[in-house]
1. Please say if region 170-223 is rounded, prolate or oblate, where rounded means a/c under 1.5 for a ≥ b ≥ c the square roots of the C-alpha gyration tensor eigenvalues, and otherwise the choice is prolate for a/b larger than b/c and oblate otherwise?
2. Tabulate in residue order the Karplus-calculated ³J(HN,Hα) for region 112-121, using 6.51 cos²θ - 1.76 cosθ + 1.60 with θ = phi - 60°, rounded to whole Hz; enter x for Gly and Pro.
3. Helix-only estimate, please: 222 nm mean residue ellipticity of the chain, summing -39500 (n - 2.57) across DSSP H runs of length 4 or more and dividing by its residues, to the nearest 500.
4. Among the listed pairs 117/299; 246/299; 167/320; 117/171; 151/188; 151/244, which are separated by more than 32 Å between their Cα atoms?
5. Computed from the mean reciprocal separation of all distinct C-alpha pairs, what Kirkwood hydrodynamic radius does the chain have, in Å?
6. Can you compute the charge dipole magnitude of region 192-297 about its Cα centre, using +1 on each Lys and Arg Cβ and -1 on each Asp and Glu Cβ, nothing else charged? Give it in debye, rounded to the nearest 20.
7. Summing +1 for each Lys or Arg and -1 for each Asp or Glu, what net charge is found among the other residues whose Cβ lies under 10 Å from the Cβ of residue 189?
8. Name the shape class, rounded, prolate or oblate, that the alpha-carbon gyration tensor gives for region 1-62, where a ≥ b ≥ c are the square roots of its eigenvalues, rounded holds for a/c under 1.5, and otherwise prolate holds if a/b is larger than b/c and oblate otherwise.
Amino acid sequence: MTQPIPYFDLPAQLRPLRKELDAAIARTLDQCSFCLGPDVAQFERDFARYCGAQHAVGFNSGTSALHVAMLLLNIGPGDEVITTPQTFVATSWAISYVGARPVYVDIDDATFTLDPKLVERAITPRTRAIMPVHLYGQPCDLDPLLEICRKHGLPLVEDAAQAHGAKYRGKTVGTFGALSGFSFYPGKNLGACGEGGALVTNDAAQAARARSLREHGSSQRYYHDEIGFNYRMEGIQGAVLGIKLKHLDNWTRERRRVAHRYHELLADTPLQLPREADYAESVYHVYAVRHPRRDELKKHLEANQIGCALHYPLPLHLQKCYAFLGYKPGDFPVAEKAARECLSLPIYPELTDEQLQRVASVIRDFFHP
Ligand SMILES: Cc1ncc(COP(=O)(O)O)c(C=O)c1O
């Protein structure tokens, strides 16, 4: 009998690391360094170096890192932040948590990332920042966005939650903007054994304030300079991430191997395949193909025990929680079409060529039964 191919195979990733992870977790237990602590501090230094940044500040999730990014820019009620409607909802949470308004701009049809050509006309006197997303692991087109930011005196905040190690014109994402947020949710390319996130910046003062905000607004115990949060990274997650970070480049290479093999194997199908922009080196967090018969194809893959997923089936401007913003269907046609047509295929470093060939042959059967 043929084995199922899961959408994501975390057990296969953890198996070869188990000894190292067990030892690291045992060490944090022995030290009782549960909230922040030496392993988190070490991981922060290692991750900053990995990103080519001066500072990385560990958080308990990517969502809280992005929330704090908005606070660091003193964004609040009455302010607007320009962002993409085709992303995980947490990008917009960060804006909403500070009482500001997400202002959506449509995406580029080929890359699924914020379309720089449409950004400038969305700027108003209330605009305080632009927050693009390096969606699916592919950097957005940063140069034109940075040019718009320079022209209008706006900071750029990168949502890099899906893009650890992705490169824009050869340079790792995370330091192009004033601030950036990463997620270490277990399914991410670099995932904790639980929740985790990081804020990355080259600005020492912002890093210091981020450290204070994540720890109840205090830099000295029991003295609180401003209203803060309990957003600390757990010690165990710092230890786990320190071990996994050493494997990240290898995992990225393998993800790119899988993506390139899909490109070859699916080239002769009617699917629209992901396109790596000429400025981008994607880390392929997601491999999303597109077709108008997406829902049927999804059923066909699942009937053949091949996992797949939708990233994301409903753009944010049409979500119930954002009805109050007053957007309507048709406002962002490219994002809406992507939401209707995209289907994420299994992609992870451990996928074998045999498995990839099976995915491709099941897809070919769908089009030519
Ligand atoms: C694009 C994007 N932004 C933000 C987040 C939030 O990260 P977390 O789940 O760690 O809070 C995620 C991941 O879940 C994401 O994919």
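The values are calculated or read from the model by the stated rules, or taken from the named source; none is laboratory data. Nothing here was measured: the structure is a model prediction, and the numbers come from that model. Glycine also receives a Cβ, built like all others from the backbone with ideal geometry; neighbour counts cover every protein chain displayed. Just the protein is used for accessible areas: all its heavy atoms, side chains included, with ligands, DNA and RNA removed. Shrake-Rupley method; radii C 1.70, N 1.55, O 1.52, S 1.80 Å.
1. oblate
2. 6, 9, 2, 8, x, 5, 9, 6, 4, 6
3. Calculated at 222 nm, the ellipticity per residue is -11500 deg cm²/dmol.
4. 117/299; 246/299; 167/320; 151/188; 151/244
5. For the chain, inverting the mean 1/r across all distinct Cα pairs yields 21.2 Å.
6. 220
7. +3
8. Oblate shape, in that a/c is at least 1.5 and b/c is the bigger or equal ratio.
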